[in-house]
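Single-structure report; data block below.
The values are calculated or read from the model by the stated rules, or taken from the named source; none is laboratory data. Keep in mind that this is a model prediction, so the values were computed, not measured. Here the Cβ is made from the backbone with ideal geometry for all residues, glycine too, and neighbour counts use every protein chain on show. Only protein heavy atoms, including side chains, enter the accessible area calculation; ligands, DNA and RNA are left aside. Shrake-Rupley method; radii C 1.70, N 1.55, O 1.52, S 1.80 Å.
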Amino acid sequence: MAAASDELMAALRAVRSLGLQSWCIGAGAVRSLVWDTLHGFDRRSAVEDLDVVYFDAKAGPEQDADLENRLRSAMPGFHWEVTNQAGVHRWLAAALGQVVPPLASLEEGVATWPESATCVGVYLNGDESLGVVAPHGLDDLFELRVRHNPLRASVATYRQRLAAKRFGERWPRLSIDMG
């Protein structure tokens, strides 16, 4: 499905050009594409933002903004959000007062996203083949199932996301666990 999306493939090429070692585009961009396709929608859902995550233990916090600026210059039509998973623990402590241990890998970071069907990312190899990061597997995504992922998000946060994202309205064939 990702290979059939010219928009996503262009975004993947832009991110690949940054030369990051461990990265993917994930969350809503991938989830929405899959669910739109499985619902047979002719028109793809608008992508609110392109979540680019990477893992670089040596990078400073300013690198995220630098990478976002480079991506905005390359493809200004997207709202890019770049996050180094190696620094998420610092952000959580500063922004939310949530103390968590540092993550050890990109996969560990993706594994903490609020819904299991959203814990999926794709990346583009040098030979144009796609790679997938799916620490909880792909069953929930392809079986149109929305479930709370308790690794970091509370049930309250999960429910707030369900309401805000309007999953059931947007994709009526979903099976949604209210947590």
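Points to keep in mind about this one:
- Given (1) out of contact with any strand residue (DSSP E or B) (no Cβ under 8 Å at 6 or more places or on another chain); (2) surrounded by 16 or more Cβ atoms within 10 Å (Cβ to Cβ); (3) more than 24 Å from Ala134 (Cα to Cα), number of the condition Ser73 does not satisfy: (2)
- Selection of region 130-153 for residues being open to solvent by 80 Å² or more (accessible area, probe 1.4 Å) and assigned to a loop (DSSP other than H, G, I, E, B) yields His136, Glu143, Arg147, Pro150, Leu151.
- Residue match in region 18-32 (condition: over 27 Å from Leu151 (Cα atoms) and not in a strand (DSSP E or B)): yes
- Every residue from region 1-17 that is touching a Leu at 6+ places or on another chain (Cβ under 7 Å) and assigned to a loop (DSSP other than H, G, I, E, B): Met1, Ser5
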